[in-house]
Each structure stands twice: as structure tokens, then as C-alpha cells.
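Peer 1: The structure's right below; bear with me while I get my questions together.
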Amino acid sequence: MIAAGIRILLIEDHQDIAELLTDYLEAQGAVVDYAGDGVTGLHLAVTKPCDVIVLDLGLPGMDGLELCRQMRQLARSDVPILMLTARDTLTDKLKGFEQGADDYLVKPFELEEVAARVAALHRRARPGGPQDEHRYADLSLNSRTREVSRNGTPIELKPIPFAILDALLRAAPNVVPRAELERAVWGDEPPDSDALRTHVAALRRAVDKPFDQPLLQTVHGVGYRLREPE
């Protein structure tokens with residue numbers, strides 16, 4: 001239902017609801033960032049890449065309507081927004097759409113419906129295919145055209161480094177364990193343990209060495225990730 005690696009920003013002040021949604025969406029393969037108030041949510045929304053925002057209307061610090069307005073008018077963001085609220089009148093819904101929400105779901109809701117609506121918003125936001133293009137920082141990859149670029153500079157990759165980068169971009173900036181990368185590239189029959197390390201080194205030479213800021217990090221004993229320097 002949900003594309004593997006889809007990045008969701010959940011902004012919800014009710015801890016129990018947030019935990020339920022996070023657990024369910026992550027079990028579907030999503031990467032979930034969380035904020036419990038409007039100010040923190042807006043900060044994450046404009047500083048960290050995400051594919052869909054799930055936004056509660058009643059938030060401390062800054063309510064969902066104001067956050068939505070600032071996202072659209074001030075930050076010029078077009079990230080799809082699913083608004084969650086206990087307010088179910090037509091007037092409330094229209095206010096949400098007027099401020100830039102793309103969809104509206106009234107509490108209480110079923111977790112499956114949240115996931116279905118998130119998936120639909122993600123598909124509509126990427127008409128070329130929800131999994132075609134992946135970006136992190138100034139690095140981008142198109143899995144359909146097999147084009148890779150960083151800061152506008154094209155990068156040539158062989159098939160295995162390309163597959164590794166594709167898996168890393170889907171999860172960025174989170175760590176992808178070695179075993180998960182090996183499955184993504186070779187399925188259930190990975191080669192010897194040095195093969196992944198060799199191809200990651202080739203990928204690093206292509207996407208990091210020619211540029212000022214390195215993105216590809218080794219997390220010793222765990223795996224690899226794409227992450228901007230602190």
C-alpha cells in the first residue's frame with residue numbers, strides 16, 4: 001500500500017495517537033519523523049525532506065491551520081498534507097483546504113485509512129511514478145531513467161552502486177543495515193562479505209569525492225546512510 005521508504009512527517013500532540021500511527025506506518029515500510037507541537041513541526045517540515053505530512057489540527061504552540069498556511073505561503077512548500085482533526089463540520093474542512101491541506105480525515109479514524117490516504121497523496125504528488133525519483137540534500141536519482149546527479153552534475157554509476165544508492169536514498173537520512181542493503185541488491189543470495197564494502201567504496205568515490213561535502217557515511221557495526229554533515 002505505502003511505497004517502501006516513503007518519508008512521513010507526523011505532527012500530532014496526542015502521544016498515544018502518535019505512537020499508534022508511527023508504529024503502524026513504520027510497519028508498512030515508511031520512515032516517520034515526529035513532532036508534538038506546531039512550532040517543532042514547522043521547523044522539521046522546512047528543514048528535513050519528507051514526502052507527505054500528516055498534520056493534527058489542534059496543536060500547542062501553533063495550530064495546524066497556521067502551520068499549513070506558513071508551509072504554503074511562506075515556505076512555498078508543495079509537500080502533500082493530510083489533516084487530522086476531531087472537527088467534522090463542512091466549515092472546518094473548508095478552512096483546512098483554504099490554508100493548503102490536500103486531504104482531511106476526521107477522528108476517530110482507522111489506521112488502514114490513514115495509510116491509504118497517505119499512499120494516494122504520494123502517488124498524486126509524483127505523476128511520473130511514486131518511486132521514480134528520490135532526493136536527499138543535493139543528490140538525486142531517477143529509478144526510471146537511471147539518471148543520477150549531485151548539485152546538477154550528472155554522475156555515472158554501474159548497476160550495483162546504483163542499486164545501493166537507490167536503497168540509501170529511499171531511507172535517507174536513516175541508517176540502512178548491511179543485511180538490508182545486501183537483500184536490496186542481491187536478494188537472498190548475497191556474495192562474500194567484502195562485496196558490499198567494495199561497491200560502497202565505488203559509490204563514495206562517485207557521489208562524494210568530487211564534491212565539497214560528503215554525504216555517504218559508514219555506521220560501524222550497523223550499515224550505511226546518507227546524511228548531511230552536522
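The values are calculated or read from the model by the stated rules, or taken from the named source; none is laboratory data. The model shown is predicted, which means the values in this text are computed figures rather than measured ones. No Cβ is skipped: glycine too gets one built from the backbone with ideal geometry, and neighbour counts run over all protein chains shown. For the accessible areas, the whole protein counts, side chains as well, though only heavy atoms, and no ligand, DNA or RNA atoms are used. Shrake-Rupley method; radii C 1.70, N 1.55, O 1.52, S 1.80 Å.
Peer 1: Under a cut-off of 30 Å between alpha-carbon atoms, report the lysines in cross-link reach of Lys209, not counting same-chain residues fewer than 8 places apart.
Peer 2: Lys48, Lys158
Peer 1: Continuing with this model, one more query. Of the accessible area of the stretch 53-123, with the probe set at 1.4 angstrom, what percent is carbon plus sulfur? Walk me through the numbers before you get to the answer.
Peer 2: Working: 1630 of 3340 Å².
Within the stretch 53-123, the accessible surface is 49 percent carbon and sulfur.
Peer 1: Additional query: On C-alpha positions alone, give me the angle between the axis of helix 111-125 and the longest principal axis of the chain, in degrees, nearest 10.
Peer 2: Compared with the principal axis, the helix lies near 70 degrees.
Peer 1: Compute the long axis of helix 159-171 from its Cα atoms, compare it with the longest principal axis of the Cα atoms of the chain, and write down the angle in degrees, 0 to 90, nearest 10.
Peer 2: With rounding to tens, the tilt is 30 degrees.
Peer 1: Here's another thing I want to ask about it. Would you mind checking the radius of gyration and Dmax of the stretch 57-102 based on alpha-carbon positions, in Å?
Peer 2: Looking at the stretch 57-102, its Cα Rg and Dmax stand at 10.1, 28 Å.
Peer 1: Okay, moving on. Which net charge results when you count Lys and Arg as +1 and Asp and Glu as -1 among the other residues whose beta-carbon is under 10 Å from that of Asn174? Before the final figure, lay out the partial values.
Peer 2: Numbers: positive: Arg7, Arg170, Arg225, Arg227; negative: Asp33.
Taking every other residue near Asn174 into account, the sum is +3.
Peer 1: Test of understanding: in a Gaussian network model of the chain with alpha carbons linked when under 10 Å, which of Gly96, Gly152, Gly58 would top the mean-square fluctuation ranking?
Peer 2: Gly152
Peer 1: So what is the accessible area of the chain per residue, in Å², with the probe set to 1.4 Å?
Peer 2: Heavy-atom accessible area per residue stands at 51 Å².
Peer 1: Still on this structure: What shape does the stretch 1-61 take by its C-alpha gyration tensor, where a ≥ b ≥ c are the square roots of the eigenvalues and a/c under 1.5 counts as rounded, a/b above b/c as prolate, and the rest as oblate? Could the numbers behind the result be given before it?
Peer 2: Values: a/c = 2.61, a/b = 1.35, b/c = 1.93.
Judged from the Cα gyration tensor, the stretch 1-61 comes out oblate (a/c at least 1.5, b/c at or above a/b).
Peer 1: If you wrap a convex hull around the Cα atoms of the stretch 148-219, how much volume per residue is inside, in Å³?
Peer 2: Details: hull volume 6.4 nm³, N = 72.
Spread over its residues, the Cα hull of the stretch 148-219 gives 89 Å³ apiece.
Peer 1: Then there is this: Probe 1.4 Å, all protein chains in place: accessible area of His199 in Å², nearest 10?
Peer 2: 50
Peer 1: Where both residues lie in the chain, what percent of DSSP beta bridges are antiparallel, nearest 5?
Peer 2: 50
Peer 1: Roughly what % of DSSP beta bridges within the stretch 133-225 run antiparallel, to the nearest 5?
Peer 2: Details: 16 of 16 bridges.
Of the beta bridges lying entirely in the stretch 133-225, close to 100 percent run antiparallel.
Peer 1: Helix 15-27 against the longest principal axis of the chain: what's the angle in degrees, Cα atoms only, rounded to the nearest 10?
Peer 2: 40
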